[in-house]
Structures are given as structure tokens and as C-alpha cells.
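Reviewing the structure listed below.
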């Protein structure tokens, strides 16, 4: 038996199929993964993401610590509530985790890391923190619910207290507002608009029930994965890990090279990789033949192996099979993928595949 979130009883009550994930017992779906996917693209859906680790950082050298720890630069954050996506790297440039940092003030930040890497992340952060005047506090007292879809904000706002409702209603994407222990970010992992709500764990079941009564559909890990794949969003452990750098994971944009004198962990390794050249590309694939693309399938061009798929599956929105792949930079506009001993034709595209309910690529 794995760890259970404060919403576990709600998942059981709603008939969820429970599966192990990152050491937690989590809902895979509540009857139909496909219907849950379409609910998020067309209306609104909610996900229990309380298994993700929320960390609060505070202290006079909190900013200096994060500028050392992360490949992206938190010095860019000037407005309270502004969020930043970044990778946390090893000295050799491998990705320890990807995470979101929220700026709460000159000496205060909130960090959200992945569930499966949480203990590793926390140990790494504490080791690096020893040289800085700041404290890191895990917030196990908080739960987290993601509400996503074109109707997500309209369904959520009436359920917030008046002060938070007004602030959350005015949020721009990738900003957050807070009131007491409630923290609402206009962020997500689906390619749709919505909120990620952090709140006291003992208040989470009532809020989940209120969202359900407001017409928000409960969704599980299955729909969350097809939605993020369509949105071209990386999954740690599949699309990147400690063996690859962000430069080969489609995450170049998350590395802040300026100012040149900021010595973040992994910088020297990334600069050496960039100088050496020959980096692999991170691309999208659209299958042209019948079949399903899956992770670790090999990608070819003629007889030459070009790389492999990191994430793949059937896109409910496009009714086609899609994938993310790490391949030789010389790959052309088309390729073949080895599926069950057969080479199937695919087109190389630039992710995302679907955002805001609309196709971002041509299906012709």
C-alpha cells in the first residue's frame, strides 16, 4: 500500500480505479479516461495533485540560493505571485527534476516538485542550502487540486472566499494569488486554462465536493498524461532525467544564460555541450500509418537509427497517434518508427500538438 492523499476517500467514493504512482495510491480514471480527457478539453476537469511536494523557502539568501540551484533565473521574478518553470540540474547537466517556483516576496518563495523525485529533491536542496542563510519547509499540511479546462476558472472562482476570488479572477497566466493558507495559481499541466489550488489538507475534501457539484469532472492520471502529451509538456523520468540535459529535452528556453556571471549548478557542463555541438533534437512525431506510438520505440530514417521515442500514445483530440522523441539533429521532415517489428511512417513536427482545445499541427 502506498501513501494516500487527503482526497483518497473521495476517489474511492467516486469509484476510481486506484493504481500505484511514485509511491502513492492514485486514481487512474473514474470509469472512462477518454471522457475525462474530453471533459478537460471541452468543459472542465479536476485532478488530485496532492502527491506533489510543496516546499516553502524563506530567508535573507533565499534568492541567492535559488539562483545557484536552478538553471532558470528567479531574479526575473519581480511581482508577488509570479511563477517560473525551471530545471534543477546535476553538476554534469543532467536533470534532477523540473519544478515551478512562485515568488512571494524578496525573501520568500514557494516551490512545487514532482512526487516521485520529492525525497531526492529535498535531500539535494538541503545539501546545497547549507551554504546559504535560508530555510526550506515541506508543507505536508497542504493539499493541491488542479482545475483545468475552458470552464475551469468560471467554475472555481465562486467557491473561493471573496478576497481571494477577486485576486484570482484578475490573475494573468503563470501568476498566483494567496489568502491565508489558500494559494491559487493560474498554472497547469494540460494545455488548457485553469487553476492549481493549494489549500489546507483538512479542507480539501469539501472543496473537491463543491467543485464536483459545480460540474467539474474528476479526472485521473490517465487523462492527465494524454492531455500533457498533446500539450507537448515533458514528463520527468520519460522525456528527461539525470542522464540528459535540458538542451536535448526541448527545454533550452528554461536555461537563463544571462547574466554570464551567474554560476548555477550545471552551467559549465551545459556550456561545454553547447560549444561541442552535435546535440540531439527534441521533436514531435505524428504517425501517418495505423498503429500506436510508445516510449522507447526506435526512430529511423532509411536504414539509419536516429533516436527513440520518449513519450507516445493515442491523441483523443486528434484521433491520431503522437509522440515526443529525442533524435539526431539531422533528421528530416519524415521518418519511420519501429512498431512491433514493422517500420511505420511518421511526420516530424514541432510540439505542442493541441492547446486551448485546438490542433496546433496540420493533420494532412
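With the requirement that a residue be in a loop (DSSP other than H, G, I, E, B) and within 17 Å of residue 81 (Cα to Cα), what does segment 92-118 give you?
106, 107
Kindly provide the set of residues from segment 345-363 that are loosely packed, with under 15 Cβ neighbours inside 10 Å and under 17 Å from residue 288 (Cα atoms), ordered by number.
345, 350, 362, 363
Condition first: out of contact with any strand residue (DSSP E or B) (no Cβ under 7 Å at 6 or more places or on another chain), in the same structural domain as residue 159 (by TED's automatic domain parsing) and in a loop (DSSP other than H, G, I, E, B). Can you find one or more residues in segment 207-215 that meet it?
yes
So residue 123 ticks every box in (1) out of contact with any helix residue (DSSP H, G or I) (no Cβ under 9 Å at 6 or more places or on another chain); (2) crowded, with 22+ Cβ neighbours inside 10 Å but one. Which box is left unticked?
Single failed check for residue 123: (2).
Please go through segment 226-267 and give me each residue that is touching a residue at least 24 places away in the same chain (Cβ under 8 Å), in a helix (DSSP H, G or I) and over 13 Å from residue 96 (Cβ atoms), ordered by number.
226, 227, 228, 229, 230, 247, 248, 254, 267
Taking residue 60, is it in a loop (DSSP other than H, G, I, E, B) and over 22 Å from the mean Cα position of the chain (by Cα)?
Judged against the criteria, residue 60 is a match.
The values are calculated or read from the model by the stated rules, or taken from the named source; none is laboratory data. Everything numeric in this text was worked out from a predicted model, so none of it was measured. So basically every Cβ, Gly included, is an ideal-geometry build from the backbone, and we count neighbours across all protein chains shown.
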